[in-house]
Number of protein chains: 2
Amino acid sequence: MLNQAVKLISVDDHVIEHPKVWTDRIATKYHDRCPHVIELDNGRQAWKYEDQEIIIPSSICRTLPEYPKPMPFDQARFDEMRPGAYDPVARLADMNEDGVWAQICFPTVPRFAGHLFLTGVDKALALDCVRAYNDFILDEWCAAAPDRYIPLVIVPLWDVQLAVAELERTVAKGAKALAFSENPTVLGLPSVHADHWDPLWRAVEQADIPICMHIGSSSKLITSSPEAPNAVHLTLIGANSMVAMADWFFCGALDRFPNLRIVLSEGGAGWVPYTIERAEHAWSLRGGRLWGQRLAAAGVERSPSEIFKQNMSVCIVKDDVAMSLLDMIGVERMMWESDYPHDDSLWPDSRRTFEETCKGLDDAAAEAIGAGNARRVFRLP
Amino acid sequence: MLNQAVKLISVDDHVIEHPKVWTDRIATKYHDRCPHVIELDNGRQAWKYEDQEIIIPSSICRTLPEYPKPMPFDQARFDEMRPGAYDPVARLADMNEDGVWAQICFPTVPRFAGHLFLTGVDKALALDCVRAYNDFILDEWCAAAPDRYIPLVIVPLWDVQLAVAELERTVAKGAKALAFSENPTVLGLPSVHADHWDPLWRAVEQADIPICMHIGSSSKLITSSPEAPNAVHLTLIGANSMVAMADWFFCGALDRFPNLRIVLSEGGAGWVPYTIERAEHAWSLRGGRLWGQRLAAAGVERSPSEIFKQNMSVCIVKDDVAMSLLDMIGVERMMWESDYPHDDSLWPDSRRTFEETCKGLDDAAAEAIGAGNARRVFRLP
């Protein structure tokens, strides 16, 4: 059972940046090139960054029941959004209604790993934009309620030394987590199998914060074909986290940096025991088969189930299969998320739904999944 | 427990075509363009089809313990292969040693869905090659032991009317299953979301045979990046079947042809309950959200769990997580496979391993997974 006194910590939510996040922080001469909101001829709004027009689908900036009113699917307007999407004070009221104490928010306009700015032509401006987002999330959003908003930051992905510098700058200001891509290969970046990222992993390990990889943070969700309805990729969401998990089992980075903590965000967990069993099978072939040589060369010394127990966490919104496999997954590996204000969110029923989920659990396990594990992984007081 | 008297039926094995499969059946003037074996300068062998050179990795034509001797990973020679790979009589002895009564074999040179011939420049020759493979599997391989080899055929994927004709021709000769791609989009073919394939589904439904989709039958295994070691794609093998399952849940074909039977081969099953829960979530959004309109337009009338129960089967070699979820998956949905002669195979311990797997089961459930379900799905006597 979930004790009434437990203050729920959701480890995956989303901030919709208000229209002045970048123009408030970047020199005026760049205001037509840094992200800013424009009015479209059809009466809707969009963001513009350099020459890119960025639509905000209404599905990601409202919760259901819709508020204030239904919007066209493709394009939101700020004055039709639920204020809790972009206003940290309004959001607190929504969190109270939802029974959620604290949130860790991923960025929206910069994308889940901040990789919008990887596409910027002017890389000096792009770096300013990364810094502006981080200053916004630290100084404005999370400062509105420091005990209820846990800051997650982004880094300039195109230059690992700049990424280290920005990580260190933001950690000094209170950052508690780094957003990174579930699969940098898809973004045209070196994969986690290269040692390219080692300076960043070293800095993250030293900062003692987790790396959060949100599904879709490689700009791609797994699906079958362009004609497949959304239901197909929605069904396959967990497969994105499966790929990231397999990558990190066998890339060697977690052997070189054994204190790294990986959080697989919004991927669910019902697929975890199967994936670990398969990975253990691949691992067990290490001695006798040829791919074992590559694992040894990469310095992979621990088995997938050891790595999972020591370095990884998974997250559920509602995942009955995962709960039925909790003994295999391990209570201490599971965290909880509300996904506000995406319309997948169960708002305003997040806590009630989680209470249902926890009915067969003892109080300690429910508290661990709903709050305690997040406090441990994110080093919260 | 698995009763000693149960004759195991493996629903996923592989024939390595002997060197004369095509030249025995195709006019002499085409013998330098239809698949034939060539000697390489390095002392190894390869197949040649038109201008393509096709290597046979040794990993797929031996079992472990290796026999007669270890081979280079990349290239096999027939005289170094285990004879059971290419000789149906030698294979019976290996099956006896392995405790396996019957096998359903996928093609090797034509690839798992016969899609090598889709790449043929001369499509008249390609059609001859498809027919020659089917005649080989029906008249030569399976004829060697008609009660122990269950014929699975391929069709010319580039022309749906030709595919229907070849299906009908081979069913008249005794074909018991059709090999099809888990994701035709990757092959450059219309997806299952189009009605393009309806004539083939109609013919299959009329023939009352299942469609078997082997992992990798879209020419692509899910992985993260080119640098990822094989262990990554080996871990993610089930994700290939997850994609196919989601596709078939939401494409409408199983509503238009409700008697079709889909077999997801070599994909394992420990991921099934999670995937169905996610698909049910997507399905439950059907009424209120926009993608529901597309599902309704596609004629998807049944929920994923109904479709799974009525139209699908999954297969395990060894999958402890799946066995622990058997109540959720359903005994009647699960079949067993030995994957001979791939080096993933547990030969010569297939039956012993399956006996271990079945220790907690009652005799009826063990018999259903090891044989009864295959008899029902493939309509065997």
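Yes/no matrix, rows are residues, columns are (1) at pLDDT below 90; (2) over 20 Å from the mean Cα position of the chain (by Cα):
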position: B:Ser181; (1), (2): no, no
position: B:Val186; (1), (2): no, no
position: B:Val192; (1), (2): no, no
position: B:Asp195; (1), (2): no, yes
position: B:Asp198; (1), (2): no, yes
position: B:Gln206; (1), (2): no, yes
position: B:Ile215; (1), (2): no, no
position: B:Lys220; (1), (2): yes, no
position: B:Glu227; (1), (2): yes, yes
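Here's the yes/no breakdown for (1) free of Cβ contacts under 8 Å to residues at least 40 places away in the same chain; (2) on the phi < 0 side of the Ramachandran plot; (3) touching a strand residue (DSSP E or B) at 6+ places or on another chain (Cβ under 7 Å); (4) buried (at least 24 other Cβ atoms within 10 Å of the Cβ):
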| site | (1), (2), (3), (4) |
| --- | --- |
| B:Cys129 | no, yes, no, yes |
| B:Trp141 | no, yes, yes, no |
| B:Ala144 | no, yes, no, no |
| B:Tyr149 | no, yes, yes, yes |
| B:Lys176 | no, yes, yes, no |
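So which residues in region B:233-249 are more than 7 Å from chain A (Cβ to nearest Cβ) and free of Cβ contacts under 8 Å to residues at least 24 places away in the same chain?
The one that is more than 7 Å from chain A (Cβ to nearest Cβ) and free of Cβ contacts under 8 Å to residues at least 24 places away in the same chain: B:His233.
Can B:Pro190 be described as more than 14 Å from chain A (Cβ to nearest Cβ) and not charged (D, E, K, R)? Walk me through how you get there before you give the answer.
Working: more than 14 Å from chain A (Cβ to nearest Cβ): no; not charged (D, E, K, R): yes.
For B:Pro190, the condition - more than 14 Å from chain A (Cβ to nearest Cβ) and not charged (D, E, K, R) - is not met.
B:Arg294 versus (1) out of contact with any Ser or Thr (no Cβ under 6 Å at 6 or more places or on another chain); (2) away from chain A (no Cβ under 12 Å); (3) modelled with pLDDT under 95: which is the lone unmet condition?
All conditions pass for B:Arg294, except number (2).
If B:Ser59 satisfies every condition in (1) at pLDDT 95 or above; (2) farther than 24 Å from B:Ala124 by Cβ; (3) not in a loop (DSSP other than H, G, I, E, B) but one, which is the exception?
(1)
Output the number of the condition that B:Thr119 fails; it satisfies all remaining conditions of (1) surrounded by fewer than 20 Cβ atoms within 10 Å (Cβ to Cβ); (2) over 20 Å from the mean Cα position of the chain (by Cα).
Checking B:Thr119 against (1) surrounded by fewer than 20 Cβ atoms within 10 Å (Cβ to Cβ); (2) over 20 Å from the mean Cα position of the chain (by Cα), the one that fails is (2).
So which residues in region A:302-324 are aliphatic (A, V, I, L, M) and under 17 Å from the mean Cα position of the chain (by Cα), if there are any at all? Steps first, please.
Initially, region A:302-324 is screened for residues aliphatic (A, V, I, L, M), giving A:307, A:312, A:314, A:316-317, A:321-323.
A:Met312, A:Val314, A:Ile316, A:Val317 - these are the residues of region A:302-324 that are aliphatic (A, V, I, L, M) and under 17 Å from the mean Cα position of the chain (by Cα).
Residue by residue through region A:90-113, note down the ones that are within 30 Å of A:Leu125 (Cβ to Cβ) and part of a helix (DSSP H, G or I). Quick ask: steps written out before the conclusion?
Filtering region A:90-113 for residues within 30 Å of A:Leu125 (Cβ to Cβ) gives A:91, A:103-113.
Within region A:90-113, just A:Arg91 meets the criteria.
Could you please give the count of residues in region B:100-116 that are crowded, with 21+ Cβ neighbours inside 10 Å and closer than 23 Å to B:Asn373 by Cα?
Here the count works out to 9.
Would you mention how many residues in region B:215-232 are among the hydrophobic types (A, V, I, L, M, F, W, C), farther than 11 Å from A:Phe249 by Cβ and either more than 12 Å from chain A (Cβ to nearest Cβ) or crowded, with 24+ Cβ neighbours inside 10 Å (or both)?
The total comes to 1.
Out of all the residues in region A:250-264, is one or more within 14 Å of chain B (Cβ to nearest Cβ) and of a type in the set (Gly, Ala, Ser)?
Taking every residue of region A:250-264 in turn, at least one turns out to be within 14 Å of chain B (Cβ to nearest Cβ) and of a type in the set (Gly, Ala, Ser).
Just give me the residues in region B:245-269 being more than 28 Å from A:Asp247 (Cα to Cα) and assigned to a loop (DSSP other than H, G, I, E, B), in sequence order.
If the condition is that a residue be more than 28 Å from A:Asp247 (Cα to Cα) and assigned to a loop (DSSP other than H, G, I, E, B), then B:Phe250, B:Cys251, B:Gly252, B:Phe257, B:Pro258, B:Asn259, B:Leu260, B:Arg261 are the ones that fit.
The values are calculated or read from the model by the stated rules, or taken from the named source; none is laboratory data. As the structure is a computational prediction, the values presented were derived from the model and not from experiment. Reconstructed Cβ throughout: ideal geometry from the backbone, glycine too, with neighbour counts over all protein chains shown.
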